[in-house]
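Written out below as structure tokens is the structure these notes cover.
The values are calculated or read from the model by the stated rules, or taken from the named source; none is laboratory data. Every value quoted in this text rests on a predicted model; they were computed, and no experiment measured them. So basically every Cβ, Gly included, is an ideal-geometry build from the backbone, and we count neighbours across all protein chains shown. Accessible surface is based on the protein model in full, side chains and every heavy atom, while ligands, DNA and RNA are left aside. Shrake-Rupley method; radii C 1.70, N 1.55, O 1.52, S 1.80 Å.
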Amino acid sequence: MELLKLAQKVSSSVAKYKTKIIINDRLDIALLSNADGVNLPANGISIKNIRKFSKKFITGKSVHSIKEAVEAEKDGYDYIMFGPIFRTPAKVKYGKPQGINNLKEICSKVKIPVFAVGGINQKRIKKCTRAGAFGVAAIREFMQTIDPSKTIKEFMKELPGN
């Protein structure tokens, strides 16, 4: 219930901006909160099931290989999340980081946007975008900051087009 309340609050507070709210791995919360889409884990529910509930949802899939990336594109996902690119405490149990070279290879194999995830901080953003990533996703940097607005501005400065 807490997650739903938070998602509803965030969705309504950003409605006036050009911001999209994507809920991770919870189609139910995404639908009930009027979010713009859902990102699914590699073994998540199929895009066909998502489309039964919403044809307009933005759909993303987390992938960990070229094969998974190509399949996600064929299946009709709007974007993919690839990683972990760098070492991060939350992903150590999944093995060695994928690295910039693998990110570059993934980006060259698909036409849909690729977001780099895992160990992303503002010093690593340009490495990811130079490798072909459309953007990045970060968690730890935002969880640990004392000034989220400042951190957002710092990240935005490093992204292409800003």
Here is the link list: Lys52/Lys123; Lys56/Lys127; Lys5/Lys55; Lys5/Lys67. Which ones come out longer than 30 Å on Cα distance? Lys52/Lys123; Lys56/Lys127; Lys5/Lys67
Charge dipole of the chain built from unit charges on the beta carbon (Lys, Arg +1; Asp, Glu -1), centred at mean Cα; most positive-end Cα among Leu103, Ser11, Ser65 is Leu103
Is there a quick way to get the dipole size of the chain? I mean about its Cα centre, with the Cβ of Lys and Arg at +1 and of Asp and Glu at -1; what is the value in debye to the nearest 20? 260
Probe 1.4 Å, protein heavy atoms only - accessible area per residue of the range 1-95 in square angstrom: 64
Gain on full stretching of the segment that runs from Leu159 to Asn24 - 0.36 nm per residue minus C-alpha separation: 46.4 nm
